[in-house]
Amino acid sequence: MAKKAKSQNIWQAGVDAFAARRKKVEALRAAVRSARDETPRPRPRLVAANDGGLDELVRHAALAATLPLRQEIEALKDEVAGLRRQVAELSKRGG
């Protein structure tokens, strides 16, 4: 019976620790929400349509949205290098 009581005490201590951490997390989340609500957000910058800057902004945004990321380019280079190694290995085996 002592083992069962000891196991229950250990389990209860874990549950209590979890509950305490959960309360801390909830308090932190509430503080973040409160700070986020109180912090004034910058207003979006408006651009006059007649100065030609809007076209440039749209072009730049479209390019930024479609250009591959540096990590994607590096991953592609690694994949191509691996494929080249495989082709060279297969070429050596085949003839």
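Quick look at the values:
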| read-out | value |
| --- | --- |
| Residue match in the range 55-62 (condition: under 23 Å from the mean Cα position of the chain (by Cα) and not in a helix (DSSP H, G or I)) | no |
| Selected residue (criterion: surrounded by the most Cβ atoms within 10 Å (Cβ to Cβ)) from residues of the range 1-47 that are within 30 Å of LEU57 (Cα to Cα) and not charged (D, E, K, R) | VAL47 |
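We did not get these values from a lab; they are worked out from the coordinates using the rules stated. Source: prediction; values computed, not measured. Glycine also receives a Cβ, built like all others from the backbone with ideal geometry; neighbour counts cover every protein chain displayed.
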